[in-house]
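Input: a single structure, listed below in structure tokens.
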Amino acid sequence: MDNILFRTIGKLVDLIWVNILTLVCALPIITAGASFTAMNAVLIKMAADDSYSITRDFFQSFRESFKQATKVWGCILVILLICLYNFYLWQGGAMDNYGDLKIVSGVAIAAAVSFTFMVMNYMFFLFVRYENGIGQTVKNAVMLSFAFFPKSVGIVIMMVSPVVLMLLSDYFFWFWFLYGFAYPGYLIAKVMLSIFHKTEQMKGNIKNELE
């Protein structure tokens, strides 16, 4: 029962349950930030091969991070709604008479959404990993987004891929329902662990040099 096949099947089943919990707890929309943070709390343990209890760890993190995550999510939601409104205007032809500025504005909207997703991912994982205030967490998330920019771009691609696939084909709806948040989140957790380990090692080396 401990061979790689059964471990893989067990992890896939666990990801389904994580995804269902995340979807249910994110349905009120305003609680989505706490739900994503709770999901990350479970996924980062799974990615590190630590022991975990999905339901217990999920709801424990949901309760502990609710205030911080909800405040941050509210700000993110406002930014995304502004970007969505600008995209609606852009698609409706508001920039058709401005030549190349239409391309520039379209790229600017896409860049704003992508950067928001980057910072959002870092913030929700930082809430799980470290005990910092919202201001410091946002600052660290922005710094990490630039410091590990290629990985940050990969994180955004992994995050939006299930949505793109679902829009391209109805067959992927069930994939999104079963794994849409949890599976890319698990892959992102692997990347986040490598980033955190590297930054913690660098911080430790600097501390040793100062001592």
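The values are calculated or read from the model by the stated rules, or taken from the named source; none is laboratory data. This one's a predicted model, so the numbers in the text were calculated from it and none came from an experiment. With ideal geometry, Cβ positions are generated from the backbone for all residues, glycine too; neighbour counts draw on all protein chains shown. The protein model used for the area step is the full one, side chains on, heavy atoms only, and it has no ligands, DNA or RNA in it. Shrake-Rupley method; radii C 1.70, N 1.55, O 1.52, S 1.80 Å.
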- Item | Contacts under 7 angstrom Cβ, first residue in segment 20-45 being within 10 Å of F58 (Cβ to Cβ), partner in a helix (DSSP H, G or I) and among the charged types (D, E, K, R), 6 or more apart | A41/D57; V42/D57
- Task: Any chance you could count how many residues in segment 22-63 are surrounded by fewer than 17 Cβ atoms within 10 Å (Cβ to Cβ) and either outside any helix (DSSP H, G or I) or acidic (D, E) (or both)?
- Result: 9
- Task: Confirm whether A69 is crowded, with 23+ Cβ neighbours inside 10 Å and either modelled with pLDDT under 95 or assigned to a loop (DSSP other than H, G, I, E, B) (or both).
- Result: yes
- Message: Please determine whether any residue of segment 66-74 is more than 16 Å from the chain's Cα centre (by Cα) and farther than 26 Å from I134 by Cα.
- Response: no
- From the set of residues in segment 82-93 that are free of Cβ contacts under 8 Å to residues at least 12 places away in the same chain and farther than 21 Å from M159 by Cβ, which is least open to solvent (accessible area, probe 1.4 Å)? G93
- Which one of these is of a type outside the set (S, T, Y) and at pLDDT 95 or above: F59, F87? F59
- Item | The one condition in (1) closer than 20 Å to T137 by Cβ; (2) more than 15 Å from the chain's Cα centre (by Cα) that D50 fails to fulfil | (1)
- Message: Just to verify a result, which residue in segment 94-109, among those that are farther than 20 Å from I79 by Cβ and part of a helix (DSSP H, G or I), is most open to solvent (accessible area, probe 1.4 Å)?
- Response: N97
- Query: Does segment 1-21 hold any residues that are in a helix (DSSP H, G or I), out of contact with any helix residue (DSSP H, G or I) (no Cβ under 9 Å at 6 or more places or on another chain) and not polar (S, T, N, Q), and which are they?
  - Reply: I4, L5, F6, R7, I9, G10, V13
- Which residue pairs have Cβ atoms closer than 7 Å, lie 6 or more positions apart in sequence or on different chains, and pair a first residue in segment 66-78 that is farther than 15 Å from L126 by Cα with a second residue that is open to solvent by less than 50 Å² (accessible area, probe 1.4 Å)? I76/T116; I76/M120
